[in-house]
Amino acid sequence: MAIKTTLTPEEINRMLVAARCQRDQLICQFYADTGCRESELLAITVENIDFDAGTVLIPHLKHGAKKHCPKCGKSAGRSTPWCSHCGADLKRVQPEGTLVRNRIITLGQVTLDMLRDFTEGMAPTDKVINLSRQSVYNIVRELADAAGLNGKCLTNPESGRKQFVHPHIFRSSLAVDWLKVAATDANKQKALQTHLGHADFGTTMSYNKLSSSEVQKVTDEVRQSRFKRST
C-alpha cells in the first residue's frame, strides 16, 4: 500500500458526497477550498463574509506571541530557548501579548453559494460554525470513514506515525496541490504564503514535496544520464 500524506481531490469529493447534512458538507467544502486552519473556520462570523466580493476575512490570533529577555529586554520567539543578544536562558520565561494577523482570502463559487444558503437568517455576529474543535474533528473523521478512508490511513511525513484524517489535512493537501501548479513561479509561491497566512516563507515551502512517482521519474532520468552507454 502506498504511503499517503495528503488527500487527493477525488478523495475529498467522496467525503463531500458522504455528508449527511448541509453543515457537515460546508465544513468539508470550506476546509478543502480555503486550506484554513481548524480554529480559523470556527472564529468566522457572518459579517466576516463579503458575498458581493466573494471574500472572507480570516481572524487569526496567536496568544503569547513573544518572550522578552529578563536580562536585556530583547524580544524573542515564544519557543526560543536562549536570548540571541545576551545568551540568557529563556526556557522558563513565559510568552506574553497577543499577535493579530487577520487576512482576506477569496472563496470559490461553490463554497460561497454554500455559505450564502447556510447563513440565511443568521445575525451578522453569529458564528458560521458554532461547534467545538473536537466536534469538527469528529465530523471530519466520520466523513472520511463514510468515504472509505477509515483507519489510520495517513502518514505524518516527519514522525512516520499513522494518523486518522483530520481537519488540518485539507490545509496540507491544498498547499501541496498549489505548489504543483506554481512550479518555479515565485509569485504563485508567495501567493500561497499570503493565502495560508504564513509569517515565514520557509513554512510555505515546507509543503513543496514531490510524490513518490515524481521522485521515481527524476531518479530514472538521473540513472539514464549517469549510466547510459555511448554509441
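Values quoted throughout were computed directly from the atomic coordinates according to the rules given, and no laboratory measurement underlies them. All of these numbers come straight from a predicted model, not from anything done at the bench. FYI the Cβ positions are ideal-geometry reconstructions off the backbone, even for glycines, and counts take in every protein chain you see.
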(message) Apply the a/c threshold of 1.5 to the C-alpha gyration tensor of the range 59-170 and tell me whether it is rounded, prolate or oblate.
(response) oblate
(request) Rank VAL46, ALA32, VAL110 by how far each Cα sits towards the positive end of the charge dipole of the chain (+1 on Lys, Arg Cβ; -1 on Asp, Glu Cβ) and give me just the farthest. (result) ALA32
(message) Suppose every Lys and Arg Cβ carries +1 and every Asp and Glu Cβ carries -1, with no other charges. What dipole size does the chain come out with about its Cα centre, to the nearest 20 debye?
(response) 1420
(message) Would you calculate the convex hull of the Cα atoms in the range 1-41 and tell me its volume per residue in Å³?
(response) 86
(request) Could you work out the relative contact order of the chain, using alpha carbon pairs under 8 angstrom and six or more residues apart, expressed as a whole percent? (result) 24
(message) Going through the cross-link list LYS74/LYS180; LYS127/LYS209; LYS4/LYS188; LYS4/LYS190; LYS66/LYS190; LYS66/LYS209, which pairs have a Cα-Cα distance over 28 Å in this structure?
(response) LYS74/LYS180; LYS127/LYS209; LYS66/LYS209
(request) Show me 134-143, 158-167, 217-226, 29-38 ranked by packing, highest mean number of other Cβ atoms within 10 Å first. (result) 29-38, 134-143, 158-167, 217-226
(message) Taking C-beta distances below 4.7 angstrom as the pairing criterion, name the unpartnered cysteines of the chain, in sequence order.
(response) CYS21, CYS28, CYS36, CYS153
(message) Kirkwood Rh and Cα-based Rg: tell me the resulting Rg over Rh for the chain, rounded to two decimals.
(response) 1.05
(message) Using Cα-Cα distances under 8 Å and only pairs 6 or more residues apart, what relative contact order does the range 1-135 have, in percent?
(response) 29
(message) If you take every residue apart from GLN109 with its C-beta less than 15 Å away from the C-beta of GLN109, what net charge results, scoring Lys and Arg +1 and Asp and Glu -1?
(response) -4
(request) Enumerate the lysines that LYS228 could reach by cross-link, defined here as Cα to Cα under 22 Å, with residues fewer than 8 away along the same chain left out. (result) LYS217
